[in-house]
1. For the range 97-169, give me every one of the strands (runs of 3 or more DSSP E) that falls completely inside it and has 3 or more residues that are in the same structural domain as A285 (by TED's automatic domain parsing) and crowded, with 16+ Cβ neighbours inside 10 Å.
2. Assess whether R244 counts as being modelled with pLDDT under 95, surrounded by fewer than 16 Cβ atoms within 10 Å (Cβ to Cβ) and assigned by TED's automatic domain parsing to the domain that holds T309.
3. Quick check on the range 15-32. Is at least one of its residues surrounded by fewer than 17 Cβ atoms within 10 Å (Cβ to Cβ) and either at pLDDT below 90 or not hydrophobic (A, V, I, L, M, F, W, C) (or both)?
4. If we keep just the residues of the range 170-201 that are of a type in the set (A, V, I, L, M) and assigned to a strand (DSSP E or B), which is surrounded by the most Cβ atoms within 10 Å (Cβ to Cβ)?
5. Starting from residues that are closer than 23 Å to V24 by Cβ and basic (K, R), keep the ones in the range 94-146 and report whichever is modelled with the lowest pLDDT.
6. Taking interchain pairs and intrachain pairs at least six residues apart, which have beta carbon atoms under 7 angstrom, with the first residue in the range 302-314 and in a helix (DSSP H, G or I) and the second among the basic types (K, R)?
7. Quick one: is I194 closer than 22 Å to I284 by Cβ, out of contact with any helix residue (DSSP H, G or I) (no Cβ under 8 Å at 6 or more places or on another chain) and of a type in the set (V, I, T)?
8. Which of the residues spanning the range 248-258 are surrounded by fewer than 16 Cβ atoms within 10 Å (Cβ to Cβ) and under 16 Å from G202 (Cβ atoms)?
Amino acid sequence: MSGHTRFDLIILGAGPAGSAAAHVAARTGLRVALVDRRAFPQDKLCGGGITGRAMTVHERVFGTLPPPDLFTTKPDFAFYAHGHPLWAVQDAPPMHMTMRTGWDAALLGCALSAGARDYTGHRVAAIDTGGPAVPVQVTLESGPTLTAPALIGADGVNSIVARALFGRAWEEDQIGFGLEVEAPPIDPDAPVRIDFGAAAWGYGWQFPKPGSTTIGVGGLVARNPAMKATMAAYMDALGVDPDRVKVKGHHLPFGRFRRVPGKGAVLLAGDAAGLVDPITGEGIAHAMQSGALAAEATVAALAEGAPDTSLARYAKALRPIHRSLAQARAIRPIMFSPALRKLFLKGFAGSRRMRHDYLRMMAGEAEYDDLIRQLILRSPRYAGRALRGAFSGG
């Protein structure tokens, strides 16, 4: 492959955000190049818990639900706090367990079926984000230089597009980190397990699947200087032999999202824009939704011959997601800070309504408004203190 190839839109990253963007843009008739350094299918570090919110977004963006053979649906949850049982439920809004190998490949297939040009398995050698009336240029190690008036960076937490725009992909004091293993399978009827306190300002998870059990811990890097030891302790508590598993790690962008997700005709979506829930760590739904919104903004801007208006359109469309993430970040101190987490755990254990709202929020059937309301009603003094501290940067 060599020479220059012109497109209407280049998308870097073919995960949920990039594939959603490519699908939406290509089906309007735009010439779309979808680039990813990975060849698919390929494993990706992720618990693989697909929420009801993600299912709803998938159907809205791609026009159909994903293939059912990709999932095992689990309506049973067991919550723990610092190793002790907190609460169990058998009829919660379900979580859909999957392996990202098949999930991501299916999303990519949708994008390519819509007409996107496949450049997966090609690493980027150089990127020029262009400017007013100056096209974007992406040079691949395999030879060709792709040009387009617009670019969407959906290339994950270590986004090279974010680095090209802002000098860094994320802030050191805001980034999270997760460790994960694929352990031998357990009882197929075992519930989804969530452990509050398994990591500082984070949690642990055990997701049963037909062929394996995904186990991991995640939390803010700044609060977890010994994450490997934390992971070892969690595996020991769950009876996992460390010699039988391979531990993988990855940064998690669940700190502050990028309030300005791009510049001009260059947009950031999904993890590259920090659109990950700072409490649950879930980012797939926001990834697909933001990818679709970025594509729609680009399509509208190009139709008017004004690609540099893409960012203004996109930022406006992202406001509901930003509001939800800001609410989550506001109540995170109540759930995770040593001074206040007892308030949350007491309320969670003692309030059926709070548990119900938390499960509905996880499933995408409710926003954080309801959970905030319950926290304020149960202890207005402490909840108000935490909310004030969060909004002031505490």
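The values are calculated or read from the model by the stated rules, or taken from the named source; none is laboratory data. Because the structure is predicted, anything quoted here is derived from the model rather than measured. Using ideal geometry, Cβ is built from the backbone for each residue, glycine included, and neighbour counts are taken over all protein chains shown.
1. In the range 97-169, the matching strands (runs of 3 or more DSSP E) lie at 117-120, 136-140, 145-148, 151-153.
2. Working: modelled with pLDDT under 95: yes; surrounded by fewer than 16 Cβ atoms within 10 Å (Cβ to Cβ): yes; assigned by TED's automatic domain parsing to the domain that holds T309: no.
No, not satisfied.
3. Filtering the range 15-32 down to residues surrounded by fewer than 17 Cβ atoms within 10 Å (Cβ to Cβ) leaves 29, 31.
Narrowing further to those that are either at pLDDT below 90 or not hydrophobic (A, V, I, L, M, F, W, C) (or both): 29, 31.
Checking the range 15-32: at least one residue is surrounded by fewer than 17 Cβ atoms within 10 Å (Cβ to Cβ) and either at pLDDT below 90 or not hydrophobic (A, V, I, L, M, F, W, C) (or both).
4. Restricting attention to the range 170-201, the residues satisfying the condition of being of a type in the set (A, V, I, L, M) are 175, 179, 181, 183, 186, 190, 192, 194, 198-200.
The next check asks that each one be assigned to a strand (DSSP E or B); those that pass are 179, 181, 183, 192, 194.
Numbers: L179: 24, V181: 19, A183: 20, V192: 22, I194: 21.
Selected residue: L179.
5. Taking the candidates together, the pick is R100.
6. Listed pairs, sorted by first residue: L311/K263.
7. On the way: closer than 22 Å to I284 by Cβ: yes; out of contact with any helix residue (DSSP H, G or I) (no Cβ under 8 Å at 6 or more places or on another chain): yes; of a type in the set (V, I, T): yes.
Yes; evaluated as a whole, the condition is true for this residue.
8. Keep residues of the range 248-258 that are surrounded by fewer than 16 Cβ atoms within 10 Å (Cβ to Cβ), which gives 248-249.
G249, the sole residue that qualifies.
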